Every structure is written in C-alpha cells, then in structure tokens.
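Let me begin by presenting the structure, written as structure tokens, before commenting on it.
Coordinate-derived values only; no laboratory data. None of these values were measured; they are calculated from a predicted model. Cβ coordinates were reconstructed from backbone atoms using ideal geometry, including for glycine residues, and neighbour counts include every protein chain displayed.
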Amino acid sequence: IAYKFKAQQAETVVEKIDVQVGRIGSLTPVGKLRPVQLAGVTISNTSLHNLDEIRRKDIRERDTVLIERAGDVIPYVIRVTKEGSPRAKPFEMPTNCPVCNAAIVHEEGEVGYFCVNANCPARMRESIRHFASKYCLDIEGLGDKLVGQLVEKGLVKELDDLFGLTKDQLSGLERMADKSAQNVLDAIQKARKTTLDRFINGLGIRHVGEHTARQLALKFKTMDALADASEDDLLGVRDIGNEVAHSIREYFDEPRNLKAVKRLIKLLDVEVPAVVEGRGALRDKTFVLTGTLESMTREEAERRIMAAGGRVTSSVSRKTDFVVAGAEPGSKLKKAQDLGVRVLDQKGLESVLAGTI
C-alpha cells in the first residue's frame with residue numbers, strides 16, 4: 001500500500017502580474033510573488049495560465065493567495081485568501097506586445113493572445129532555447145543566459161545565425177572565456193548532423209511536439225515534401241487531426257517561415273529517422289514510458305519500440321497496450337494499474353521487443 005502526503009501549501013502576496021512572450025508568440029500572465037518557502041524551495045513566480053483563469057479566480061495585484069506545488073514541482077495559485085487594500089483593478093491583457101510593441105491578436109472564443117511579430121526578441125529567445133533543447137538539435141551549453149545575450153546583442157536574429165557564430169563573438173560575451181566559446185562552437189558543429197524529426201520538432205510549429213514530428217518525418221521523408229503537403233495530406237498522417245493539420249499548413253504558408261527553413265536545411269545534414277512505420281512484431285501496439293530505466297535512456301527505448309512497429313504516447317488510456325515503468329515512476333503507473341493496463345519493467349520490455357512474450 002502506498003500513501004501520498006497532502007501537498008504543502010503557503011500564503012503569499014501577488015506583488016505584480018507580468019506577461020511573458022513564448023516561442024510561438026503566446027502571451028502568458030505570470031504572478032510575481034513575495035518570496036515564500038514551500039516544500040524546501042523559495043517560490044517567487046507562478047504562471048497564471050491565461051486571462052480566463054485569472055478572472056475565474058479573481059486574482060489581482062496586492063491580493064494574498066494560497067499556493068501549492070502541483071506534483072510537488074510546479075507552483076500554482078489555488079485561490080485568493082485576502083483581497084488587497086485598496087483592491088487593484090482587474091487584470092487585462094495588453095493590446096501590444098510588452099517586448100516589441102507589435103499588435104496582439106486574440107480570436108473571439110479562443111483563450112490565447114499572440115504577438116504577431118515573428119522577429120520579436122522574446123519569441124526569438126524562446127525559439128532558440130527550444131531549437132537547441134534535448135529533443136531537438138541538442139546543442140549543449142546554449143543555456144538561457146547565453147541565448148539572452150546573443151539576442152540582445154543582435155548576434156542571432158534568425159535560427160540560422162547560430163551556425164555563423166565565431167569564437168571572437170562568443171568569447172566577448174559575459175562569462176564566456178575562449179574554452180567555453182570553443183565548447184559551444186563544437187556543440188553547434190555537432191548539431192549540424194541531425195534527423196528530420198528532431199529538426200521538425202525544433203521549428204516550434206504550434207501543436208507539433210516530439211511524437212507528431214516523428215510521424216511527419218516518417219510520412220514525408222523530406223522537408224520539401226512536408227512544406228508542400230496539403231491539409232488533406234497531413235490528415236492522412238497517424239494521430240493528426242484538423243487543428244494540427246491547419247497549424248502545420250499555416251506555418252509553411254508564412255513566407256518568412258518557409259525562407260528560414262530553407263536557409264537552415266542548407267546548413268544541416270538531415271537524415272530520416274531510422275524507423276519503419278507499421279512493420280515489425282509490435283505493429284499497432286501502444287506504449288507509455290514512465291520512470292528511469294536501468295540501462296537505456298527513454299529516447300533509446302522509444303526508438304527501439306518504434307523500430308519494431310509500435311508507437312509511444314505520453315498519456316495512459318484504455319487503448320494503451322503496455323506501460324514501461326522504470327525507477328521512480330510517476331502517476332502514469334497508478335493509472336495503468338487502475339485501468340488494468342499491462343506494466344513492464346526494462347527486462348519485460350526487452351522480452352517484448354525480442355518477441356519472447
């Protein structure tokens with residue numbers, strides 16, 4: 001029997017509500033909190049998600065709020081416990097981007113607010129961070145502070161500018177000596193050789209994550225074929241519906257995006273992922289991975305499952321065939337047990353891959 005302690009909670013004051021701009025231009029309100037200790041961590045910021053959520057909880061500057069860490073990790077506001085005095089005006093989203101002053105777009109009936117400027121510095125910072133992240137081009141050493149400096153100093157205005165950086169440019173930045181600069185350049189050079197799914201994921205197309213990027217790479221084989229695909233073509237890809245297909249088509253219909261992709265392709269050595277869809281012993285079997293496996297990474301396990309014809313998803317449902325649970329599994333294991341989904345450890349996964357069980 002496993003017992004789970006109730007999540008710890010704390011009260012603090014929302015000193016200010018700021019707006020952050022994400023890589024696709026989405027605006028997210030963020031509560032700047034009076035620093036408070038919660039579960040061994042000092043909390044000073046929390047996402048307020050969107051305007052609808054703020055209105056539902058009636059959160060305003062100077063209000064005292066009760067916060068909790070979801071899963072003991074991500075802080076969020078439960079409710080207002082005491083109104084500020086005097087009570088601040090209700091929060092409203094800005095009509096112009098707080099970073100570049102471009103117009104903000106909000107469609108009636110939709111939750112999101114978006115900056116329309118593709119060259120917004122805040123969007124570019126987030127785009128570079130995503131492009132260089134582990135499941136995209138995996139450029140080691142390209143952290144938040146370095147990315148911020150590259151954008152602020154105008155050294156990187158488009159993603160392809162990363163591949164034209166010089167040692168002199170990097171070593172002239174704060175906290176960057178010659179050796180650190182060379183390490184970053186080496187990592188950028190190494191990242192030139194990548195797979196099509198990683199490249200697609202790195203572009204940051206709305207609604208396209210790691211799994212969808214892999215399905216697109218397997219289906220279209222080249223970036224030119226993907227860029228030319230119609231919405232009907234995209235709807236023929238496994239797990240892609242109307243919204244995702246429209247988002248992909250919308251991305252490539254923007255001339256600036258298409259030009260940026262073509263510039264990048266010329267600089268990279270892009271291969272199709274070595275996976276054959278729909279063949280092998282695990283054809284049409286659905287897996288979910290949770291926890292840390294003994295002697296293989298989650299990424300390696302996913303590649304082997306897909307090479308055998310299976311598919312890997314992020315959530316457990318009645319349609320899931322197997323949940324592979326390593327050390328310190330999350331809530332997915334409990335859900336699998338509740339639904340009666342078969343649970344495997346690494347040895348069990350290897351047996352399934354070998355076709356022995």
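Under a Gaussian network description of the chain, with springs only between Cα atoms under 10 Å, the residue in Arg34, Arg56, Arg23 that fluctuates furthest is Arg56. Taken one residue at a time, the phi angles of the stretch 93-101 give Karplus couplings (6.51, -1.76, 1.60, θ = phi - 60°) of 5, x, 8, 10, 4, x, 9, 10, 6 Hz. Gly and Pro are set to x. Sorting Tyr251, Tyr3, Tyr113 from the fewest to the most surrounding beta carbons within 10 angstrom yields Tyr3, Tyr251, Tyr113. For the stretch 121-191, a/c is not less than 1.5, where a ≥ b ≥ c are the root eigenvalues of the C-alpha gyration tensor, and a/b does not top b/c. That puts it in the oblate class.
From helices alone, the chain scores -10000 deg cm²/dmol at 222 nm; the rule is -39500 (n - 2.57) for each run of n ≥ 4 DSSP H residues, then divide by the residue total.
Label zone of Val41 (point 7 Å out along Cα→Cβ, amide N under 19 Å): in the stretch 56-96 this covers 65-79. Ratio of Rg to Rh for the stretch 9-117: 0.99 [Cα atoms; Kirkwood radius as inverse mean 1/r over pairs]. Annotation for the stretch 140-237: GluC sites (Glu not before Pro) lying in DSSP loop with at most 11 further Cβ atoms inside 10 Å of their Cβ are Glu174.
Ordered from longest to shortest, the equivalent ellipsoid semi-axes for the chain are 35, 30, 22 Å, each the square root of 5 times a Cα gyration tensor eigenvalue. Once you order the gyration tensor axes a ≥ b ≥ c over the Cα atoms, which shape class does the stretch 286-354 get: rounded for a/c under 1.5, otherwise prolate or oblate by comparing a/b with b/c? Cα axes put the stretch 286-354 in the oblate bin.
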